[in-house]
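Colleague: One structure follows; several queries about it will come next.
The values are calculated or read from the model by the stated rules, or taken from the named source; none is laboratory data. Because the structure is predicted, anything quoted here is derived from the model rather than measured. Here the Cβ is made from the backbone with ideal geometry for all residues, glycine too, and neighbour counts use every protein chain on show. Accessible surface is based on the protein model in full, side chains and every heavy atom, while ligands, DNA and RNA are left aside. Shrake-Rupley method; radii C 1.70, N 1.55, O 1.52, S 1.80 Å.
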Amino acid sequence: MTTLHSRRTFLVATLGSALAACGGDDDDPPPSPPSPPVPEARIAQAIASVDKLVTDQMSRTGVPGVATAVVRGNQVVYAKGFGKRAVDEGAAVDADTVFQLASMSKSLGAMVVAHQVGIGRVRWDTPVQSQLPWFALSDPEVNPVLTVADLYSHRSGLPDHAGDRLEDMGYDRRQVLERLRFLPLHPFRASYQYTNFGLTAAAEAVATAAAMDWATLSEQTLYRPLGMARTSSRHADYLARDNRAVGHVRENGAWIRGPVRDPDAQSPAGGVSASVNDVARWLVMMLGEGMFEGRRIVDASALKEAIAPHNQSTPPADGRPAGFYGYGFNVGTNPAGRAMYNHSGAFALGAATAFLAVPSLNLAIVTLTNGFPIGVPETINNQFFDLVDYGAIQRDWATIIEEALAPVLAPEGGLVGATPPASPLPPRALSVYAGDYANNYYGPITVRESAGALVLTIGPAPLVLPLSHWDGDVYTFRLRNENATPGTISRVWFGSDRLTLEYYDQEGLGTFMRRS
């Protein structure tokens, strides 16, 4: 069965490249034939159409708030907000409203690393253990040669979304990174597995080399020099903004506030908050190959290395060419054959973001929303570049993207939709199941009897999960968090000296041995 983790990879890592993909079966995409020039009038008309693109998607989906900016060369030619910061309040979104960027943070953070590469503090091929001697994966042969580049291009061999469920349990950044050593690995430098915490480890190595924390390094080397005054890699700064969009989820067809998503543990991978005005300044620098208002912000060669293809992220399929990943960027060519780079970001608890840049046109667009991922930003961005390249929208992007996202948003668990047994086998005495259990990766858990029922407690937060009897020694629990979409159900199998939690058994590590 395809897990939520592997389905979500398509969303945050390859949605952009799958929709505007580069081509070829080899490690690098083949060169594209020259694309025809675009008349200035067509670009101007596309920019003039952004209002309608946004309002059409808001009308179609009801998403509460959207902000979009377009950059042309060294100018922000469009920046505007639409809708509400919170569905139950009247405050309007504008171009200075701060949104959580989710995985778009990877691309901004890659430029923090590129800055450090440019000044010679680190290299893309710096071994991570040279800065973090405590960090290790399960293969001792990989550890000494694992580099910043390996982790920023998702080729370390770590399983897809490694560590994310530890974060949901309440483990902090260091605790998650230390526990990655217990995970089985895919082939090193011969596979693509999208990992927030793998990339975070690389960023931690860079911050350690700079002798400061990642959020401060990002502020000093990127946000402040670019004048991104409303941008931060600290969740507390996002919460302190007066002009802040809050996350929303959709339940029974209605948009409501979602649970607060604190991404500090994986800040380099998903913890940036910013306005479209601020992201637009970053895009000006990107299109300027590291220059901004006449000043060098990032070394051009280090920047170009980040937006080069380093790892095949998706194979050719269904007439779609392969997708590639750089260092924190999807890279390839768009449907018109023009080189591009992009990234999407998403929190299931209420954020969806995306940017798309085409350097040959000196043109980029970014769209931020405060609704959970249903494809709004990618639809707007791809429609915009259809108008630029062809003068008309070429594909039903909304339907294409919604169909791609449907499995990502589906609940997880083998019992989803199942009918409970009509005559279940009775459980044993609850005291038989109660006790302390543990495994190396997830740590200790407890099962206690409370008011005639069982309660599972897991993680340092902790998560307290009531258990419901299903059949014999099988119980279930329901879970709702960033990685557990609504309706998720997990089985709990009790044995004589162990229990197995289906939801936490993604890598075969969901079995906990009894300690008492």
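Colleague: Translational diffusion coefficient of the stretch 162-317 at 20 °C, 1.002 mPa s, Stokes-Einstein with Kirkwood Rh over Cα pairs, in µm²/s as a whole number. Can you show the working numbers first?
Modeller: Numbers: Rh = 18.0 Å.
So the translational diffusion coefficient is about 119 µm²/s.
Colleague: Which semi-axis lengths, in whole Å and largest first, follow from the square roots of five times the eigenvalues of the Cα gyration tensor of the stretch 267-394? Before the final figure, lay out each step's value.
Modeller: Numbers: eigenvalues 92, 75, 55 Å².
Equivalent ellipsoid of the stretch 267-394: 21, 19, 17 Å, largest first.
Colleague: Can I ask one more? Taking a probe of 1.4 Å, how large is the accessible area per residue of the chain, in Å²? Mind dumping the intermediate values first?
Modeller: Values: 18910 Å² over 516 residues.
Ligands and nucleic acids excluded, the figure is 37 Å² per residue.
Colleague: Right, another one. Based on the mean of other beta carbon atoms within 10 Å per residue, what is the order of 383-390, 145-152, most packed first?
Modeller: Values: 383-390: 22.2, 145-152: 24.0.
Descending packing order for the listed peptides: 145-152, 383-390.
Colleague: Sort out for me the Cα centre separation of the stretch 193-266 from the stretch 420-460, rounded to whole Å.
Modeller: 36
Colleague: Roughly speaking, what is the stretch gain from ALA453 to ARG395, that is 0.36 nm per residue apart minus the C-alpha to C-alpha distance, in nm to one decimal? Before the final figure, lay out the partial values.
Modeller: Working: separation 58, 0.36 × 58 = 20.88 nm, distance 5.33 nm.
Full extension from ALA453 to ARG395 adds 15.6 nm.
Colleague: Please report the accessible area of ILE297 (heavy atoms, 1.4 Å probe, ligands and nucleic acids excluded) in Å², nearest 10.
Modeller: About 10 Å², ignoring ligands and nucleic acids.
Colleague: Still on this structure, I have one more. Report, ordered by chain and residue number, the aspartates and glutamates lying within cross-link reach of LYS80, taken as a straight Cα distance under 20 Å and ignoring same-chain residues fewer than 8 apart.
Modeller: In chain and number order, the partners are ASP51, ASP56, GLU89, ASP94, ASP96, ASP242, ASP278, GLU378.
Colleague: Quote the charge dipole size of the chain about the Cα centre in Debye, to the nearest 20; the model charges only the Cβ of Lys and Arg (+1) and of Asp and Glu (-1). Don't skip to the answer; put the middle values down first.
Modeller: Numbers: 42 positive and 51 negative charges, 132 e Å.
For the chain, the charge dipole is close to 640 debye.
Colleague: Then there is this: Net charge around ASN342, counting only other residues with Cβ within less than 13 Å of its Cβ (Lys, Arg = +1; Asp, Glu = -1)? Provide the component values of the computation, followed by the final result.
Modeller: On the way: positive: LYS106, ARG338; negative: GLU378.
The answer is +1.
Colleague: In the stretch 204-295, if every C-alpha pair distance is counted and binned at 10 Å from zero, what percent goes to each bin?
Modeller: The distribution over the stretch 204-295 is 15, 39, 31, 12, 3, 0, given as percents.
Colleague: Would you mind listing how long the chain runs along its three principal axes, going by Cα atoms, in whole Å with the largest first?
Modeller: 76, 51, 46
Colleague: Evaluate Rg over Rh across the stretch 257-316, taking Cα atoms for both radii and Kirkwood's formula for Rh. Present the calculation step by step, with values, prior to reporting the outcome.
Modeller: Numbers: Rg = 15.6 Å, Rh = 14.3 Å.
Across the stretch 257-316, the Cα-based Rg/Rh ratio is 1.09.
Colleague: Sticking with this one: Using helices alone, what [θ] at 222 nm do you get for the chain, with -39,500 (n - 2.57) per DSSP H run of 4 or more residues, divided over all residues and rounded to the nearest 500? Can you show the working numbers first?
Modeller: On the way: 17 runs with 140 residues, N = 516.
Mean residue ellipticity at 222 nm (helix-derived): -7500 deg cm²/dmol.
Colleague: Here's a follow-up. Mind grabbing the accessible area of MET58 for me, 1.4 Å probe, Å², rounded to tens?
Modeller: For MET58, solvent-accessible area is about 30 Å².
Colleague: Could you compute the net charge surrounding ASP242? Neighbours are other residues with a C-beta less than 14 Å from the C-beta of ASP242; K and R count +1, D and E count -1. Each step should come with its number before you reach the end.
Modeller: Values: positive: ARG85, ARG230, ARG241, ARG244; negative: GLU89, ASP94, ASP96, ASP237.
Around ASP242, the charge tally is 0.
Colleague: Out of the total accessible area of the stretch 257-377 (probe 1.4 Å, heavy atoms of protein only), what percent is carbon and sulfur? If you can, show how the numbers build up before the last one.
Modeller: Numbers: 1520 of 3070 Å².
Reported share for carbon and sulfur atoms: 49 percent.
Colleague: Quick one: net charge of ALA438's neighbours, Cβ under 14 Å, K/R +1, D/E -1?
Modeller: Around ALA438, the charge tally is +2.
Colleague: Relative contact order of the chain, please, whole-number percent, based on alpha carbon pairs below 8 angstrom and at least 6 residues apart.
Modeller: Relative contact order of the chain: 20 percent.
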